[in-house]
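What follows is a short report on a single structure.
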Amino acid sequence: MKRLLIVAATTGYQTRAFADAARRLDLVPVLATDRCHILDDPWGDQAIAIRFGEVAGAAERIAAEGPFDGIVAVGDRAAVVAARAAELLGLAFHPLAAVEACRDKHLSRTMLAKADLLVPAHFRVPLSDSPEQAAYWAKYPCVLKPLGLSASRGVIRADNKAEFIAAFERIRKLLADPRIQIFQEDQSRYLQVETFIPGREFALEGLVTGGELEVLAIFDKPDPLDGPYFEETIYVTPSREDSEVQVAIEETARAAVRALGLRHGPIHAEMRVNEDGVWMLEVAARPIGGLCSKVLRFEGDLSLEELIVCHAIGSTIPSPTLMDAASGVMMIPIPHGGTYNGVRGEEFARDVRGVHELIITAKVGQILEPLPEGASYLGFIFAHGVFAEQVDHALREAHKRLEFQIATTLAVVQ
């Protein structure tokens, strides 16, 4: 039987989804996860223990367990290790340099600009610099963001000098978190300042083969993302934009893939559209994260993970088509920090026409932290329908019927 290597940060849902997809396709999934090598298989999954902060060593450890017939990565840091391992194993994947560029917002912006794509004006600032001095060079409104974090974590808009300084200090504190510092990444020593780009925001899911992008879905993000934080909530596909705008989005994404040197595997791209055209925000060398992939089902009742696994082992499916006329997901935002005590109204939310699944991922007793510092959601609502407007309405109506109990956490005074 063919063996599929899955490089992942954790044993969470998305990792299990890829492992299950491999088994359904009669493949043997082999996990390589970021964990202590001293502990003897603590999760009972027989995974290869690696450290993402030691890319070369992790790749060599993986290669020693070969051969493999294909490789997939779950997450941004996992993609870096997977790219290096693919080189050693002779497997098709994105080149290491391209994956590293995708993980560095400053480098990727520079490469996209050289390819004559629209990108925000930007500059990089060492965290050791004075925020007052950095504010001197900013043009408002602007956006401050870490170079290597994803899902809008640490992204803050500033409309004046005082807001710039406050945002700078907030990001500096976030990047000092030991859970981030443990990776000792160069980009964690900087933040990026860039011009705020007004407009409608979109996401694109695709597969790259031989450097050419095949678009799987374009998502509208119908909620305005104007700051001061940029928490994503709703994704709906197909896009309600006219065909001219959608073609422009696809062609811009294709140009970005070529500019970054991506070659083989999934990509998740983000862009904004206004009267000036399509502005590339970023391209990630991985699929859409977390549970969101459940929103996509393809003809033959294939999941996105199954499609990616087929692609990884060379069994590509020509022109995959989405099953649902329209579908969408709401990533339920955390309204404020505190301790999660439960939720009411789940049965009423599930009764909303078009809603086909509701998953609450928060656990009772969990300490919740909203963006920009936080990195999670309360859960996910999934809906499908005939029209995108129906899906959008169903997601919002279901969310209104949920009542979350979050106890405010009191600060301890010493």
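Remarks
- Verdict on VAL236 being β-branched (Val, Ile, Thr) and out of contact with any Ser or Thr (no Cβ under 9 Å at 6 or more places or on another chain): no
- Subset of the stretch 307-350 (residues that are polar (S, T, N, Q) and within 20 Å of the chain's Cα centre (by Cα)): SER327
- Note on the stretch 1-92: enclosed strands (runs of 3 or more DSSP E) holding 1 or more residues that are modelled with pLDDT of 90 or more and over 27 Å from ASP186 (Cα atoms) are 3-8, 28-34, 70-74.
- When SER293 is tested against (1) more than 28 Å from ASP116 (Cα to Cα); (2) in contact with a helix residue (DSSP H, G or I) (Cβ under 7 Å, 6 or more places away or on another chain); (3) assigned to a loop (DSSP other than H, G, I, E, B), just one condition goes unmet, and that condition is (3).
- Count of the stretch 165-181 residues which are more than 15 Å from CYS142 (Cα to Cα) and without any contact (Cβ under 8 Å) to a residue 40 or more places away in the chain: 8
- So ILE234, is it closer than 30 Å to GLU389 by Cα and modelled with pLDDT of 95 or more: yes
- Unmet requirement for PRO318, which otherwise passes all of (1) surrounded by 19 or more Cβ atoms within 10 Å (Cβ to Cβ); (2) within 24 Å of LEU91 (Cβ to Cβ); (3) of a type outside the set (Asp, Glu): (1)
- Verdict on SER327 being among the polar types (S, T, N, Q), farther than 30 Å from GLU100 by Cβ and touching a residue at least 40 places away in the same chain (Cβ under 8 Å): yes
- Whichever residue in the stretch 266-279 is out of contact with any Ser or Thr (no Cβ under 9 Å at 6 or more places or on another chain) and not hydrophobic (A, V, I, L, M, F, W, C) and, among such residues, is farthest from ALA82 (Cα to Cα): GLU275
- Tally of residues being farther than 19 Å from GLY53 by Cα and either under 22 Å from the mean Cα position of the chain (by Cα) or part of a strand (DSSP E or B) (or both) across the stretch 138-166: 12
- Screening ILE288, ILE218 for residues that are β-branched (Val, Ile, Thr), in a loop (DSSP other than H, G, I, E, B), under 19 Å from the mean Cα position of the chain (by Cα) and over 21 Å from ARG109 (Cβ atoms) leaves exactly one candidate, ILE288.
- Residues of the stretch 249-273 that turn out to be under 18 Å from the mean Cα position of the chain (by Cα) and without any contact (Cβ under 8 Å) to a residue 60 or more places away in the chain, as a count: 2
- The residues of the stretch 52-78 that are over 21 Å from PRO287 (Cα atoms) and out of contact with any helix residue (DSSP H, G or I) (no Cβ under 6 Å at 6 or more places or on another chain), listed by number, are GLY53, GLU54, ALA56, GLY57, GLU60, ARG61, ALA64, GLU65, PRO67.
The values are calculated or read from the model by the stated rules, or taken from the named source; none is laboratory data. Given the structure is predicted, the values throughout are model-derived calculations rather than measurements. Quick reminder, even Gly has a Cβ in these numbers, built from the backbone with ideal geometry, and neighbours come from all protein chains shown.
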